[in-house]
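Please treat every number below as a calculation from the coordinates, not as lab data. Everything quoted here is computed from the prediction, not taken from an experiment. With ideal geometry, Cβ positions are generated from the backbone for all residues, glycine too; neighbour counts draw on all protein chains shown.
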Amino acid sequence: MSEPRNPQKLFQEIAALATEQRNPHSMEIDACSTFEILKIISEEDKLVPLAVEQELPFIEAAVELIVKAFKNGGRLLYFGAGTSGRIGVVDASECPPTYGTSPELVQGFIAGGKEAMFTAQEGAEDHEENGAVDVLKAGVTPNDVVCGIAASKRTPYVIGAVKKAKELGAATLFVTCNPRNKFDIKEVDVAICPYVGPEVVMGSTRMKSGTAQKLVLNMLTTASMIRMGKVYENMMIDLQMTNKKLIERAKRIVMTITGVDYENATSFLVKAEWHVKTALVMIKADVSAEEARRRLELADGFVRKAIEIKL
């Protein structure tokens, strides 16, 4: 791999990052027992949810942008490299089976492509144009939300993707574990910056930083899906029946919410063509499958509203 044009400048840039500092609490970790090592890691991990909690107002703003995009036919697209990229791909891939969404609604892109999910593609993240090209290939429009994920904030691939998305008029988010005062807020619509401090092993951002990013992405998609009517009470009600486990989970959801027994839950789901929402409205509102579907359409897919509709 060729040397960067100004390696000393890059060295200084990396050395100044919060994610590249030494952690004073783990300076002697190489001399510790196994239990002592684990204790140090555990104590540092406790800092992560507190750091994420400090970012709730910004996560809220991001969710509002995502919900607006979904309602306007847009998508949520993650762009990251290494651990950050993998976390984005995982979050996106879990939305269809959990919430019944199309694979296109939430997508994850990683520097180096699919192969980078399993084997590090060194150097793929070093060029902004790679991120820009992937944004263009994804057909990003002003209806979309593009979320860059980079613990350091400086990953060229991610910066290139966000820049290009902004040029195309898309809403832009950025998830980083460097302090907010290091971020030029004009660069994106919403920056989410859970500062977790130096890693137990210097620069190993798959640890606290990766955990923080996973928590943030969990919040982004879960809150957005709830706001889109994918949850009733605290149960997923738009899951896809893609395997036997999910079929049985669907029955249990119907039984838990409505109080019917196993056989009746199965019967209603069959009549509803295995659409949990339809089955729930049928039972709770005592209506036919056709009527339940009509109510759901009028209620924008929200089960609670569909049940309460007075026709």
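Would it be correct to say that Cys177 is in contact (Cβ under 8 Å) with a residue 60 or more places away in the chain and either in a strand (DSSP E or B) or among the acidic types (Asp, Glu) (or both)?
no
Out of Glu36, Glu13, report the one residue that is in a helix (DSSP H, G or I) and in contact (Cβ under 8 Å) with a residue 12 or more places away in the chain.
After applying the criteria, what remains is Glu13.
State which residue is surrounded by the most Cβ atoms within 10 Å (Cβ to Cβ) when the search covers only region 216-238 and only residues that are outside any helix (DSSP H, G or I) and of a type in the set (Val, Ile, Thr). Spell out how you get there, then give the answer.
Going through region 216-238, the residues outside any helix (DSSP H, G or I) turn out to be 228-238.
Keeping just the survivors that are of a type in the set (Val, Ile, Thr) gives 231, 237.
Details: Val231: 20, Ile237: 23.
In this case the residue turns out to be Ile237.
With the structure loaded, tell me whether Val201 is over 18 Å from Gly108 (Cα atoms), among the β-branched types (Val, Ile, Thr) and surrounded by fewer than 20 Cβ atoms within 10 Å (Cβ to Cβ) or whether it fails that test.
Here the answer is yes, as Val201 does meet what is asked.
Would you tally the residues in region 201-215 being over 17 Å from Ser93 (Cβ atoms) and assigned to a helix (DSSP H, G or I)?
Qualifying residue count, region 201-215: 5.
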